[in-house]
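J.: Sharing a structure here in structure tokens format.
The values are calculated or read from the model by the stated rules, or taken from the named source; none is laboratory data. In this text, all values refer to a predicted model and were calculated from it rather than measured experimentally. Note that we place each Cβ from the backbone using ideal geometry, even for glycine, and neighbour counts take in every protein chain shown. Ligands, DNA and RNA are excluded from the accessible area calculation, which covers all protein heavy atoms including side chains. Shrake-Rupley method; radii C 1.70, N 1.55, O 1.52, S 1.80 Å.
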Amino acid sequence: MALFDLPLDELRTYTSGSAEPADFDAFWSATLDEAGTHDLDARFELLTDTGLTTVDVFDVTFAGFGGHPVRGWLVMPAGTTRPLPLVVEFIGYGGGRGLPHSYLLWASAGMAHFVMDTRGQGSGWAPGDTADPVGSGPSLPGFMTRGIEDPEAYYYRRLITDAVRAVEAARSHPLTDATRTAAIGASQGGGLALAVGGLIPDLAAVAPDVPFLCDFPRAISLTDRLPYREIGNYLKTHRGRAEQARATLAYFDGVHFAARGRAPALFSVALEDQTCPPSTVFAAFNAYAHPDKEIEVYDFNDHEGGGPFQQAVQLARLPRLLKA
């Protein structure tokens, strides 16, 4: 697919038409306060049978939204004895935490690496171990329309809350340095990193790659590729609910979280990305509040974005922000 969105010079000044709910902050404050009534109950089990000799791996369980158990991995250099800078990673749509040997990069760079499993997903391309015990009203297969009738019931309210609690759980381990924490992720993981960056005031860095969940009004009308198309297909069947769906989605739009970003940020975008169109990524980047922000542009890439090239950029820049 050749370029299909706005020209790059227009992307650099594009602003979203997503209307921020008047009670956005109150909604998230109440959501996180409710989550805080549940003991975090973070448990770290050191694994001895991974076959890996250069890293230590902990199988993690903590209480996410509603006190529901959420799984994760904590991977760090073998024999670590002092607190390390912490990278918390969130996973792309449909995937789960997979196997720990998939996560060697950041530990190899001398950091602690926490990977959060994704409730109810983990069957599309990498296995997961976290259920979503909450039901919803009528929805299209996938996750984009689960509970879309009401912000309180929407799937991403649970998942974003899990992500905030994941940072808390990772920081609770004695060998992680809470003052040097970065949130990263690609696609859905990038959207979650943005949300965490808007909800946790003291992160050291945020690095969303080709982030999903941004500028919903444009995304659902511009691309016919899944997962955004799930919303269009739902509205094809549930005629007359578009206004209600847009009102719900506004509470979860990465543009509004970006406007609350209080840590330096390193974004990436791909100009041929039909899954997360570049204008939706630039909408979040241009709204991002912290003045120390950069965006890497991959001109001829689709949703794979920069891939290992973007990882190399992160390896060069995040240690400076984390003082690693």
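J.: If the requirement is being more than 18 Å from Arg165 (Cβ to Cβ) and either in contact with a Pro (Cβ under 7 Å, 6 or more places away or on another chain) or of a type in the set (Gly, Ala, Ser) (or both), which of these qualifies: Gly36, Gly51, Gly66, Gly96?
T.: From the options Gly36, Gly51, Gly66, Gly96, the qualifying one is Gly51.
J.: With the range 184-303 as the region, which helices (runs of 4 or more DSSP H) entirely inside it contain at least 3 residues that are open to solvent by 10 Å² or more (accessible area, probe 1.4 Å) and closer than 26 Å to Leu32 by Cα?
T.: So the answer is 242-249.
J.: Output yes when any residue across the range 83-93 is part of a strand (DSSP E or B), over 18 Å from Arg180 (Cα atoms) and either free of Cβ contacts under 8 Å to residues at least 24 places away in the same chain or out of contact with any His (no Cβ under 8 Å at 6 or more places or on another chain) (or both), and no when none is.
T.: No, that holds for no residue.
J.: Could you give every pair whose Cβ atoms fall below 9 Å, whose first residue belongs to the range 22-35 and is over 19 Å from Gly254 (Cβ atoms), and whose second residue is surrounded by 13 or more Cβ atoms within 10 Å (Cβ to Cβ) and among the aliphatic types (A, V, I, L, M), counting only separations of at least 6 or pairs across chains?
T.: Ala35/Ala63; Ala35/Val164
J.: From the residues in the range 168-181 that are surrounded by fewer than 21 Cβ atoms within 10 Å (Cβ to Cβ) and of a type in the set (A, V, I, L, M, F, W, C), which one is nearest to Val87 (Cα to Cα)?
T.: Among those residues, the one meeting the criterion is Ala178.
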